[in-house]
Amino acid sequence: MAPADNTTAARRGDSISDAGAEEKISPTPEGDVHAPLNNTNAVAYDYEGKPTEEQMRTLRRVPGKLPTVAYLICIVEFCERASYYGVQPLINNYVNRKLPDGGNGYGAPPIDPDNQQTPGALGMGTSVANAVSQSFSMLAYALPLLFGYISDTRTGRFNMILYGIGVFGVAHVLMCAAGAPNLLASGMAKVPYFISLYTLAVGAAMFKPNVSPLLLDQMTHKVPVVVETKSGELVIQDPEHSAERVMLWFYLLINIGGFMNVATTYCEKYVGWWLAFLIPLILYLPLPLLMWWLKPKLILHPPGGSDLGNVMKVIGICFRRGGIMRIGRKGFWDVAKPSHIAASGLERKFTTTWNDAFVDDVRRTFQATGIFCFFPIQYINDNGLGSSVSFLSTMLTTNGVPNDVINNFNSLSIILMAPVLNYGLYPLLRRMNIHYGPVARMTTGLAMSTLGGVGYTILQKYAYEQSPCGEYGSDECLIGTGVAPISIWWTGIPLAIGGISELFINVPAYGIAYSRAPVNMRGLVSALNLFNTAIAYIIGLACSSVVRDPFLVWCFGAPTIIGGVLTVVFYFTFRHIDAEEFTLTNAEEHQQAEPAFGTHTVVAENELNKSINKPAPIGENEEMMISQKQ
């Protein structure tokens, strides 16, 4: 039997290493504990239902039963995403187009199948509309880095979510005011609208980095346990499979919430802005009551600190001592190691609160997440540079269909194709012994996103050629019908291709990053992922002056060309990972009867991501498998 003091230390996740060994554990607040999944010391001791080595090799693995609060947190995310996506697609029409001629005064055009006018309000043009929409999304993806850090170090996740809900409420109320007919007619609607829009971005940023970790915190099934099914079969309830199942529910409800803009776009088209803004507010209203009811039932970790601060200090020292020209060269990271600083006599100049292994962890994380550098071009080709897809849609024949509703083809393609890949294509390839590794899948996704960009380019070219206003039809064309005789449904093809490309890219990319980056660096992995998505919006914002007529063909064509070149570069840069992953997977499959799926070697430690450093308990369930729609 293990000594009592060691057992207590193991349960808390504290160090029980040999004296003199370099060890660093993030602060563990009093009464808080590390999850056994990330604390191999605790798993080493006996517990009820612990599988034997033979059972670990031979028994089938299944997910455990999900707690009720997990489903309710998924509903919280659905309400937030539905209220967010009920508003976000409306930005371009509201800012770009003026109030329709002959409309009802609330922003809706005349109800006439032959009338091709688009809903509008401010009439500020495509360049301003692009700048507004891109800056909104940029804030929603850049600020989570700040609020995630604050929640880990100051407020805790639950409190930060509550603050975000409060900010969300203020934003939605102000936005409803921006739909008032007198403000629309006078042009003063821009004041409450812009205040509400950027307030909404801040609220979303408070929400984004905290909900999925809070969800994973509720998974009480933390270690493998042998159970007997109703049929009498012995199986292992695997916490990794449980985490995978709850995250699948989570992302399913995110994509369902994304469909809320179907309702709001039809409201803007046929009723007006007041109803289009009121529906997201109604969807938001259950959130405060639901969170109040959930609080006593939740497992909540107190703030325990974050390593992101030390990561920034390490990067700063590397730049100060090595310079930007040494990036990627041997020894670039070594200058931030305490041993190197001490040997150089710089202890007074650089105060360190980390060990040498921590610097190696940071280096390994940046190496593991290098694939994220290709995300911006993929995202741009999926959705167009800036808001160019939205402006293209205003030039096409709608016949009563809201031009913004077509964007749902992206989410719809993901929902329909995910089971086809997971239960059709991938199992078929495994049965045929065809190795379709993560880099090969990502290359397929990058190629598909480039193909989608080709589709947008062709559509925009023909829209210019057939528009009664030629190359000046996206702002406000008053000649004839004002649109090209091309159905808006054609844009559904590149949108769907872009959605499917995400399935080939996101999951394997996050799998590579999480399985190779040290487990204490998952907050940094999430930060780098969100930062690369923000870069796509920064590029769109920087190009606002050219995301307008007559340059829209090149707004699609230039990223398509770049995407094609980078697809080839990506494959030849990272193809070695496929062989390494294949070797690692074969070794794991040799040790157990069935191959690992989903989050295996991703949620817990493996040979590639081991580290002597551990995160604080609040940082153990950092966001994983993040999609751009979250």
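The values are calculated or read from the model by the stated rules, or taken from the named source; none is laboratory data. Small disclaimer: the values here were computed from a predicted structure and weren't measured. Cβ sites come from the backbone with ideal geometry, for glycine too, and all protein chains shown count toward neighbours. Ligands, DNA and RNA are stripped out before the accessible areas are found, and what is left, the full protein with its side chains, is counted by its heavy atoms. Shrake-Rupley method; radii C 1.70, N 1.55, O 1.52, S 1.80 Å.
For this structure, a couple of remarks:
- Once Rg and the Kirkwood radius are both taken over the C-alpha atoms of region 355-592, their ratio Rg/Rh works out to 1.05.
- Net +/- balance of residues flanking L290 in space, Cβ distance below 12 Å, scoring K and R +1, D and E -1: 0
- Region 309-354: radius of gyration over Cα atoms, expressed as a fraction of 2.2 N^0.38 Å: 1.06
- Convex hull volume of the chain per residue (C-alpha atoms, cubic angstrom): 169 Å³
- Per residue value of the accessible surface for the chain (all protein chains in place, 1.4 Å probe), Å²: 41 Å²
- Folded to 0 to 90 degrees: helix 552-574 orientation relative to the chain principal axis, Cα: 20 degrees
- Computed over neighbours whose Cβ is under 11 Å from that of K349, the net charge equals +2, Lys and Arg +1, Asp and Glu -1.
- Spatially proximal lysines relative to K230 (Cα-Cα < 30 Å; intrachain offsets below 8 disregarded): K50, K65, K222, K297
- Estimated at 0.36 nm per residue, the fully extended path between V191 and W554 surpasses their Cα-Cα distance by 127.4 nm.
- Calculated log₁₀ intensity ratio I(q)/I(0) where the Debye formula runs over C-alpha points of region 359-441, q = 0.11, 0.18, 0.27 Å⁻¹: -0.57, -0.99, -1.22
- Between region 432-486 and region 91-146, the alpha-carbon center distance in angstrom: 21 Å
- Carbon-plus-sulfur accessible fraction, the chain (probe radius 1.4 Å, protein heavy atoms only): 64%.
- Restricting attention to the chain, close to 40% of DSSP beta bridges with both partner residues there are antiparallel.
- Distance between region 354-387 and region 280-347 - C-alpha centres, whole angstrom: 15 Å
- As computed over region 383-517, the Cα convex hull volume per residue (Å³): 118 Å³
- Each peptide in 429-439, 507-517 was scored by the mean count of other Cβ atoms within 10 Å over its residues; highest first, the order is 507-517, 429-439.
- Taking the helices alone, the chain has a mean residue ellipticity at 222 nm of -18000 deg cm²/dmol, built from -39,500 (n - 2.57) per DSSP H run of at least 4 residues and averaged over all its residues.
- With every protein chain in place and a 1.4 angstrom probe, the accessible-area ranking of F277, F374, largest first, reads F374, F277.
- At a Cβ-Cβ separation cutoff of 4.7 angstrom, cysteine residues of the chain with no neighbouring cysteine are C74, C79, C176, C267, C318, C373, C543, C555.
- Compared with the dominant principal axis of the Cα atoms in the chain, helix 68-85 is inclined by about 30°.
- Taking 0.36 nm per residue of sequence separation and removing the Cα-Cα distance, the L416/Y472 pair yields an extension gain of 16.5 nm.
- Between the C-alpha center of region 224-245 and that of region 529-574 there is a gap of 45 Å.
- Cα long-axis angle, helix 190-207 against the chain (0 to 90 degrees, to the nearest 10): 20 degrees
- Spin-label model, K610 to A357: label points 7 Å out along the Cα-to-beta-carbon direction sit 1.0 nm apart.
- Overall form of region 270-411 per C-alpha gyration tensor (a/c, 1.5; a/b vs b/c): oblate
- When each of the peptides 414-426, 532-544, 128-140, 310-322 is scored by how many other beta carbons lie within 10 Å of its residues on average, the order from highest to lowest is 128-140, 532-544, 310-322, 414-426.
- Qualifying lysines (Cα of each under 26 Å from Cα of K313; at least 8 residues distant if same chain): K24, K208, K330, K337, K349, K610, K614
- Two-decimal Rg/Rh across region 68-303, once Rg and the Kirkwood Rh are taken from alpha-carbon atoms: 1.08
- Under 14 Å, Cβ to Cβ, from G400 - net charge with Lys/Arg +1 and Asp/Glu -1: -3
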